[in-house]
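Enquirer: First, the structure itself, so that you have it in front of you.
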């Protein structure tokens with residue numbers, strides 16, 4: 001494919017040209033994959049980094065966010081497309097690693113916390129945890145069956161490729177639906193969190 005300017009690339013993405021999307025993957029994926037696999041996040045005590053399956057998921061999510069933004073009529077590119085793409089991937093990576101770090105810390109803290117808690121504290125803690133889970137389950141169950149299956153498998157650490165094979169869907173379909181389902185669930189929770197003890 002001939003070299004196109006960022007403006008031409010955006011115009012062709014908006015025209016839903018599949019060749020351009022494949023070109024962008026070939027062009028940007030090596031740089032993004034390298035960044036993901038060589039980036040570490042630390043709080044000074046604990047350091048976490050991304051796995052190969054994290055890298056695959058982050059690449060898919062980055063492409064879908066980028067395409068979603070570009071297809072928005074209000075989109076305006078304020079930097080090079082490659083820089084914008086890199087920034088989206090880096091922000092997603094930081095969020096994922098921050099979450100991973102918090103989960104690591106929480107696991108260590110909960111082991112110690114459960115040991116030291118009084119029975120009253122433990123009851124309050126379990127009640128609060130159950131309340132949050134019920135609120136999450138309520139909105140999760142409002143998703144389509146396809147969404148529930150894809151997200152459940154993703155949360156069980158299946159890769160996009162494995163989910164596609166297991167559910168007998170095309171990989172691209174799973175990537176697109178995973179992004180859309182996550183976005184839908186997040187919106188449902190955010191739009192209604194004032195009405196729930198969440």
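Enquirer: Any chance you could list P(r) for the range 1-45, counting all Cα-Cα pairs in 5 angstrom bins from zero, rounded to whole %?
Expert: 5, 18, 22, 16, 12, 10, 7, 5, 4, 2
Enquirer: With no solvent and one point on each alpha carbon, what is the Debye value of log10 I(q)/I(0) for the range 51-95 at q = 0.17, 0.27, 0.28, 0.31 Å⁻¹?
Expert: Here the Debye-derived log intensity ratios amount to -0.48, -1.00, -1.05, -1.16.
Enquirer: Using a Förster distance of 22 angstrom, determine the FRET efficiency expected from the C-beta separation of residue 148 and residue 53, and round it to 0.05.
Expert: Here the calculated transfer efficiency is 0.60.
Enquirer: Right, next: As an exercise, use a Förster radius of 45 Å and the Cβ-Cβ distance of residue 19 and residue 45 to find the FRET efficiency, rounded to the nearest 0.05.
Expert: It comes out at approximately 0.40.
A short reminder: the numbers here are calculations on the coordinates, not readings from a lab. Computed from a predicted structure; not experimentally measured. Cβ: placed from backbone, ideal geometry, glycine included. Neighbour counts: every protein chain shown.
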